[in-house]
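Chemist: Got a structure for you, questions after.
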């Protein structure tokens, strides 16, 4: 990295990319980039020093990013290869790397604590980062969500040898990493538009485990479909919420809007862990986060204090309205298992209350591959508003619409709703518990949805 004085990020406004933008701005580099649309995050990055544009034209690339000897180009796989800026950089001899490759370069000189899995990795890695940060050990962290404790997806430490990383399995990006320790939260098939088969998906995770450095550890959820392929001198541990394993929860107490449990580990336990974000799925996430913290010397008292003060990542069980008579929660869930876990967690937290769900499907291919599973999960709610598909990086697939899911939803109250009509429809409703879900652009509507819910 020493030869470079500037970086250009293609897809700078993505959550993972923005953490790297902030890291290199903090290190004194000149940083520019492109994103398709302006967002609150890109606006924040601009105020922090990023020079960003929203059109593809080569002319918009600043002069200080036009020398291949001094500029490194970073892109996200969501950007098509035909992007004009990418084409220009490749044709003119620039080094062009994926986000994960750059993370790999950074973590070669630190102890990488990498969190992978179909779901749960953002919350679990954020919990771990917060635990380390709140302890004398500290950490650097590149997170897949904006951690509300810091209003950032980046944590920096001048002294700590540890770097917490959310490891993205999309496009096999996590194969660039060099983990000292790794957590695998889940291996339910996803991204089949990339992998093709469940077998290929699982093989990719096995390959990821082979990258763990000798002397390190793999911490995997008990019972998942994963046959690890670790090197010699890499220890394997298992964890769960309630199903045993080397690390698990005991004496779980749920009630009055709180969740408290004992953290059980191979050598003893830590009593009375209270979750700052009291959602049932977070028991499991917390166990994994505390497992990697304990293995690296964090004390029980530091873990207990950090878990109680953890506010969560934005869009991960984020409370927007929290009143006795009405509640609004937003969650990034976009895989059927995530939806099921989110809905069940909300129902456990508010038993007997009427649950309404607004869900925006993400990707045509994921909708096609998992329509029955999405419908099964959504059928757990009392009421469903199903939006049109957010396409992200894909072109439409003939015959694939939200109706594939809608027709299979079994709850009595269900409705197909266009995104642009959603706010008007919400004005006509009175909600008890409202849960919004999806990985598309539904988050852009959250302030307005919350204002309507609050005003009722």
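Chemist: Determine whether the range 419-437 contains at least one residue that is in a loop (DSSP other than H, G, I, E, B), touching a residue at least 12 places away in the same chain (Cβ under 8 Å) and within 30 Å of residue 82 (Cα to Cα). Talk me through it step by step, then tell me what you get.
Modeler: Initial filter on the range 419-437 (in a loop (DSSP other than H, G, I, E, B)): 428-432.
Then drop every residue that is not touching a residue at least 12 places away in the same chain (Cβ under 8 Å), which leaves 429-432.
Now restrict to residues that are within 30 Å of residue 82 (Cα to Cα): none.
Looking through the range 419-437, none of the residues is in a loop (DSSP other than H, G, I, E, B), touching a residue at least 12 places away in the same chain (Cβ under 8 Å) and within 30 Å of residue 82 (Cα to Cα).
Chemist: Somewhere in the range 136-157, is a residue closer than 22 Å to residue 317 by Cα, more than 15 Å from the chain's Cα centre (by Cα) and assigned to a strand (DSSP E or B)?
Modeler: yes
Chemist: If you don't mind, another one. Kindly state which strands (runs of 3 or more DSSP E) lie completely within the range 29-108 and contain at least 1 residues that are in contact (Cβ under 8 Å) with a residue 60 or more places away in the chain.
Modeler: Details: elements: 30-34, 51-53, 71-75, 95-98.
The qualifying strands (runs of 3 or more DSSP E) are 71-75, 95-98.
Chemist: Could you check the range 294-339 and list, in sequence order, the residues that are out of contact with any strand residue (DSSP E or B) (no Cβ under 8 Å at 6 or more places or on another chain), part of a helix (DSSP H, G or I), under 30 Å from residue 40 (Cβ atoms) and modelled with pLDDT of 95 or more?
Modeler: Correct list: 306, 309.
Chemist: Further, regarding this structure: Quick check: is even one residue across the range 346-356 within 22 Å of residue 445 (Cα to Cα), at pLDDT 95 or above, in a strand (DSSP E or B) and not assigned by TED's automatic domain parsing to the domain that holds residue 221?
Modeler: Looking for residues that are within 22 Å of residue 445 (Cα to Cα), at pLDDT 95 or above, in a strand (DSSP E or B) and not assigned by TED's automatic domain parsing to the domain that holds residue 221, one finds at least one in the range 346-356, hence yes.
Chemist: In addition: Residue 92 versus (1) closer than 15 Å to residue 182 by Cα; (2) over 19 Å from the mean Cα position of the chain (by Cα): which is the lone unmet condition?
Modeler: Condition not satisfied by residue 92: (1).
Chemist: Go through the range 109-135 and report how many residues are part of a helix (DSSP H, G or I) and more than 15 Å from residue 293 (Cβ to Cβ).
Modeler: The initial filter retains those residues of the range 109-135 that are part of a helix (DSSP H, G or I), namely 121-134.
Filter once more, keeping what is more than 15 Å from residue 293 (Cβ to Cβ): 121-122.
Number satisfying all stated conditions: 2.
Chemist: Mind telling me which of the residues 249, 200 ends up being modelled with pLDDT under 95 and either crowded, with 21+ Cβ neighbours inside 10 Å or out of contact with any strand residue (DSSP E or B) (no Cβ under 9 Å at 6 or more places or on another chain) (or both)? Break it down stepwise before answering.
Modeler: Working: 249 fails: modelled with pLDDT under 95.
Going through 249, 200 in turn, just one is modelled with pLDDT under 95 and either crowded, with 21+ Cβ neighbours inside 10 Å or out of contact with any strand residue (DSSP E or B) (no Cβ under 9 Å at 6 or more places or on another chain) (or both): 200.
Chemist: Can we say residue 187 is under 22 Å from residue 231 (Cα atoms) and either in contact (Cβ under 8 Å) with a residue 24 or more places away in the chain or not in a loop (DSSP other than H, G, I, E, B) (or both)?
Modeler: Numbers: under 22 Å from residue 231 (Cα atoms): yes; either in contact (Cβ under 8 Å) with a residue 24 or more places away in the chain or not in a loop (DSSP other than H, G, I, E, B) (or both): yes.
It is true that residue 187 is under 22 Å from residue 231 (Cα atoms) and either in contact (Cβ under 8 Å) with a residue 24 or more places away in the chain or not in a loop (DSSP other than H, G, I, E, B) (or both).
Chemist: Quick check: anything in the range 343-359 surrounded by 22 or more Cβ atoms within 10 Å (Cβ to Cβ), within 21 Å of residue 393 (Cα to Cα), under 16 Å from the mean Cα position of the chain (by Cα) and touching a residue at least 12 places away in the same chain (Cβ under 8 Å)?
Modeler: no
The values are calculated or read from the model by the stated rules, or taken from the named source; none is laboratory data. Since this is a predicted model, take the numbers as computed values, not measurements. Note that we place each Cβ from the backbone using ideal geometry, even for glycine, and neighbour counts take in every protein chain shown.
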